[in-house]
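Beneath this line is the structure, given in structure tokens, with notes to follow.
What follows draws every value from the coordinates through simple rules; no lab data is involved. Just so it is clear, the structure is predicted and the values come from calculations on it, not from any experiment. When we count neighbours, we look across all protein chains shown, and the Cβ atoms used for this are built from the backbone with ideal geometry, even at glycine.
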Amino acid sequence: MTEKEEERYNLVMDMIRHKQYSIAIEGLERILEKEDRSPAALSLLGVALFRSGKDTKRGLELCKEAVRKESKNPSFYCNLADIYRRKKEKQKAIATLRAGLKVLPNSKQLIKILRRFGIRKAPLFPFLDRSNPINKLAGKIRS
């Protein structure tokens with residue numbers, strides 16, 4: 001990605017952060033016309049469309065397409081997981097982040113977001129209750 005393209009994407013991300021969805025959508029549509037369905041533009045447009053409420057179904061599909069086109073970008077998995085989270089589909093969000101970790105096992109971004117979901121490992125001794133002092137101590141030692 002050139003410096004000019006990166007600057008353009010950062011500007012669009014700022015628009016999305018500040019809930020200026022219409023402007024972001026318009027700019028991303030223009031980028032997609034010129035760049036032949038760039039995965040970065042697809043993912044950002046998907047987020048903008050979903051968050052704006054204009055076309056949530058298309059927003060979800062664009063984020064999925066971005067992940068399919070470029071599976072080595074953790075941001076695309078995060079955007080897709082964010083959409084699932086906003087749809088109240090926590091299991092799909094977690095599955096998306098785990099799929100990203102299969103491709104990018106050392107991605108700090110994916111691990112950080114997965115931890116926000118409060119995912120815990122299974123108790124070391126599954127035949128004991130999670131709150132059992134033995135499981136608590138074993139969990140602390142394991143971590």
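Side notes on the structure shown:
- Projecting the Cα atoms of P126, L80, Y9 onto the charge dipole of the chain, computed from C-beta unit charges around the Cα centre, puts P126 farthest toward the positive end.
- Per-peptide packing, taken as the mean over residues of other Cβ atoms within 10 Å, places 84-95, 39-50, 131-142 in the sequence 39-50, 84-95, 131-142 from highest down.
- Proximal charge balance of S38 [Cβ under 13 Å; K/R count +1, D/E count -1]: -3
- Under 13 Å, Cβ to Cβ, from G27 - net charge with Lys/Arg +1 and Asp/Glu -1: -4
- Net charge of Cβ neighbours under 14 Å - reference S71; Lys, Arg +1; Asp, Glu -1: +4
- Structural size metrics of the chain, computed from C-alpha coordinates, are Rg and Dmax of 18.5, 60 Å.
- Ellipticity estimate at 222 nm from DSSP helix runs (n ≥ 4, -39,500 (n - 2.57)) divided over the chain, nearest 500: -23000 deg cm²/dmol
- For the range 40-143, size of Cβ-based charge dipole, Lys and Arg +1, Asp and Glu -1, in debye: 280 debye
- Cα-based radius of gyration for the range 1-70, normalised by 2.2 N^0.38 Å, reads 1.00.
- Whole-angstrom gap from the range 101-139 to the range 51-97, using each part's C-alpha centre: 23 Å
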